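The values are calculated or read from the model by the stated rules, or taken from the named source; none is laboratory data. Everything numeric here is computed off the predicted structure, so don't read it as measured data. When we count neighbours, we look across all protein chains shown, and the Cβ atoms used for this are built from the backbone with ideal geometry, even at glycine. Only protein heavy atoms, including side chains, enter the accessible area calculation; ligands, DNA and RNA are left aside. Shrake-Rupley method; radii C 1.70, N 1.55, O 1.52, S 1.80 Å.
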Amino acid sequence: MRHIPDEELHAYLDQALSRSQCVEIECHLADCPRCRALRDDLASLRDRTTALLGLVSPQRVTVPPPFSALRARPLARSRWKIYGTYAAALTAAVLAGFAGHSILDDKAMTDAKRSVSADPPIESLVFAPEPVPTASPIRTQSLQAASPAGASPARLADDRSIALPGRGDAPPLDIRSIGSELEIELDFGGLWETVPWEEAAALTENLVPRIAGLPVVEVRVQQRSATERPLVVVTQQDPNGNLVRTIEGPVGAVALLVTQQISRHGPSWGTSEPTRTRPEYLPAEDGSPRRSIRVATVMGRLAVDSLNLLRERLTLR
Amino acid sequence: MDNIESLYQTMYGSVVRFLYRKVWDEDRAEDLAQEVFIRAMAHQPEKPRAWIFAVAANLARDEARAAIRRKKHLTLLSNDPIPLSSPSRTAHESVERQEQVAQVQQALSCLSKRDREVLLLWDAGLSYPEIAGQTGLAVGAVGTTLARARKRLVDAHDQTDREEQSHAAHS
């Protein structure tokens, strides 16, 4: 008597055989105790596999977002969702910056060139053991006021020997600046509020982004709605005096802000790759929670590699 | 041609589950699943079920590469919030479950790439011909591959379980 091979019984149990094949197998099973025993073993193996795979399933109930919302989203945006939205905006902004640079040689550009040539272009700094955080109290005066239009950019620090914090046995970081003079205009659109560190911590549920070891110059928040955490911009200063800004918020808002900044400051403004921060669950119209993806990114007149290294040092208090 | 919207309603959970077992991040799995369906709407594939899982597998592969490059996958996992809908568990239950999940992950990693892919596609609800179409196997070979994958998964899991128990007994 020909017995049924394992794989055929698997296919039988998976209902992957034709009706005639099933009939053939069932006739054989009726007369063959050995194949019946094998079928039972394989059914048990199949059930165990299903149970094991069930253990590695998402824990929350998966509810698809409304299809209409999916349909309303253009493909290009969906392809670039999260990082891509950001990258597209960034690319467009950089291109616009280049175009502006080649077409217009206005005063701002002249100032920018002069400021770049005024200092040595590249400096290195090394992360040293953890210092006392200087996050609080912060300076809350407007940086815009400190750098009035037309005035040469202010320098906040001349001491280039300030040590940055390390993390355990992390390797030293080589931070390279593109330009060295400060551009300290904070010309973000919208209603922004400069707040003390502790207030920012309260508003953001203790999620104010900070690069460990760099003194915090200013924290600005934009409360977009009563139910979600605000958009946050934390400005810090590296030992060479460059301002570094960490922007944290909903991915769309961060992308927009980055685009605006690069459009205004030109291509010398670098931006790190974004990193995801804690998402939020906001009530949707139908009452079900909707997940809002949030990211943080670091901006400054530094090489992108340096900004990415700084991003690795981000802590969310 | 299947309607993408009806497929979206019926298959979304399966696609998220399939992706989750590749990227091990619930949020990311949902993001990728939504992207898959948006692409399906734009592309209108002739065999949408198989197409959806093929694209999902590609996206998961890209995601894995990106995760390795950025070396932040674990960070994302550890930063994830407690899911809203998860039932509250005692600390003991939670630890126990984490151990069980880790054991299954370990067992899955013992499978060959092809065996794992076929097993996950089958668990996602694809038929043998659909699995064959996606993996390049003959339809007849799908049963053989599945038989091997199931046995290896269970064997690898049991072995890990024995090792854990032995380790616990010694310590």
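Looking at the structure I just gave you, is residue A:68 more than 30 Å from residue A:274 (Cβ to Cβ), hydroxyl-bearing (Ser, Thr, Tyr), at pLDDT 75 or above and open to solvent by 40 Å² or more (accessible area, probe 1.4 Å)? Explain how you work it out, then say what you get.
Working: more than 30 Å from residue A:274 (Cβ to Cβ): no; hydroxyl-bearing (Ser, Thr, Tyr): yes; at pLDDT 75 or above: yes; open to solvent by 40 Å² or more (accessible area, probe 1.4 Å): yes.
So residue A:68 does not fit the description; no.
Tell me which residues, restricted to the stretch A:216-226, are of a type outside the set (Lys, Arg) and either crowded, with 17+ Cβ neighbours inside 10 Å or touching a helix residue (DSSP H, G or I) at 6+ places or on another chain (Cβ under 8 Å) (or both).
A:216, A:217, A:218, A:219, A:221, A:222, A:223
May I ask you to verify whether residue B:124 is open to solvent by 20 Å² or more (accessible area, probe 1.4 Å), closer than 16 Å to residue B:22 by Cα, within 11 Å of chain A (Cβ to nearest Cβ) and modelled with pLDDT under 90? Steps first, please.
Working: open to solvent by 20 Å² or more (accessible area, probe 1.4 Å): no; closer than 16 Å to residue B:22 by Cα: yes; within 11 Å of chain A (Cβ to nearest Cβ): yes; modelled with pLDDT under 90: yes.
Taking the combined requirement at face value, the residue does not satisfy it.
In the set A:245, A:278, A:290, A:229, which member is within 22 Å of residue A:205 (Cα to Cα), within 13 Å of chain B (Cβ to nearest Cβ), open to solvent by less than 30 Å² (accessible area, probe 1.4 Å) and in contact (Cβ under 8 Å) with a residue 24 or more places away in the chain?
On the way: A:245 fails: within 13 Å of chain B (Cβ to nearest Cβ); A:278 fails: open to solvent by less than 30 Å² (accessible area, probe 1.4 Å); A:290 fails: open to solvent by less than 30 Å² (accessible area, probe 1.4 Å).
Within the list A:245, A:278, A:290, A:229, the selection yields A:229.
In the stretch A:194-215, which residues are open to solvent by 10 Å² or more (accessible area, probe 1.4 Å) and assigned to a strand (DSSP E or B)?
Scanning the stretch A:194-215 gives A:194, A:210.
Right, residue A:241: touching a Leu at 6+ places or on another chain (Cβ under 6 Å) and under 29 Å from residue A:283 (Cα atoms) or not?
Answer is no for this residue.
Could you please find all residues in the stretch A:248-257 being surrounded by fewer than 22 Cβ atoms within 10 Å (Cβ to Cβ) and touching a Ser or Thr at 6+ places or on another chain (Cβ under 6 Å)?
If the condition is that a residue be surrounded by fewer than 22 Cβ atoms within 10 Å (Cβ to Cβ) and touching a Ser or Thr at 6+ places or on another chain (Cβ under 6 Å), then A:250 is the only one that fits.
Being more than 9 Å from chain A (Cβ to nearest Cβ) and closer than 17 Å to residue A:66 by Cβ is the filter here; which residues of the stretch B:16-51 pass it?
Passing the criteria: B:36, B:40.
Has the stretch B:109-120 got any residue that is surrounded by fewer than 20 Cβ atoms within 10 Å (Cβ to Cβ), at the interface with another protein chain (Cβ under 10 Å from one of its Cβ atoms), in a helix (DSSP H, G or I) and not hydrophobic (A, V, I, L, M, F, W, C)?
No, the stretch B:109-120 contains no residue that is surrounded by fewer than 20 Cβ atoms within 10 Å (Cβ to Cβ), at the interface with another protein chain (Cβ under 10 Å from one of its Cβ atoms), in a helix (DSSP H, G or I) and not hydrophobic (A, V, I, L, M, F, W, C).
Just give me the residues in the stretch A:215-267 being hydroxyl-bearing (Ser, Thr, Tyr) and over 18 Å from residue A:310 (Cβ atoms), in sequence order.
Across the stretch A:215-267, the qualifying residues are A:225, A:227, A:259, A:263.
Residues of the stretch A:16-75 being within 22 Å of residue B:131 (Cβ to Cβ), assigned to a loop (DSSP other than H, G, I, E, B) and either of a type in the set (A, V, I, L, M, F, W, C) or more than 7 Å from chain B (Cβ to nearest Cβ) (or both), which ones?
Residues satisfying the conditions are A:16, A:17, A:18, A:56.
Within 11 Å of another protein chain (Cβ to nearest Cβ), among the acidic types (Asp, Glu) and surrounded by 15 or more Cβ atoms within 10 Å (Cβ to Cβ): is that true of residue A:8 in this structure?
yes
Could you tell me whether any residue of the stretch A:260-267 is farther than 24 Å from residue A:206 by Cβ and either of a type in the set (D, E, K, R) or within 14 Å of chain B (Cβ to nearest Cβ) (or both)?
Taking the stretch A:260-267 as the starting set, the residues that turn out to be farther than 24 Å from residue A:206 by Cβ are A:260-267.
Right, trim to either of a type in the set (D, E, K, R) or within 14 Å of chain B (Cβ to nearest Cβ) (or both) and you get A:264.
So far as the stretch A:260-267 goes, yes, one or more of its residues are farther than 24 Å from residue A:206 by Cβ and either of a type in the set (D, E, K, R) or within 14 Å of chain B (Cβ to nearest Cβ) (or both).
Of the conditions (1) hydroxyl-bearing (Ser, Thr, Tyr); (2) modelled with pLDDT of 90 or more; (3) farther than 23 Å from residue A:54 by Cβ, residue B:12 fails just one. Which one is it?
(3)
What number goes with the only condition from (1) assigned to a strand (DSSP E or B); (2) farther than 21 Å from residue A:200 by Cβ; (3) not acidic (Asp, Glu) that residue A:297 does not pass?
(2)
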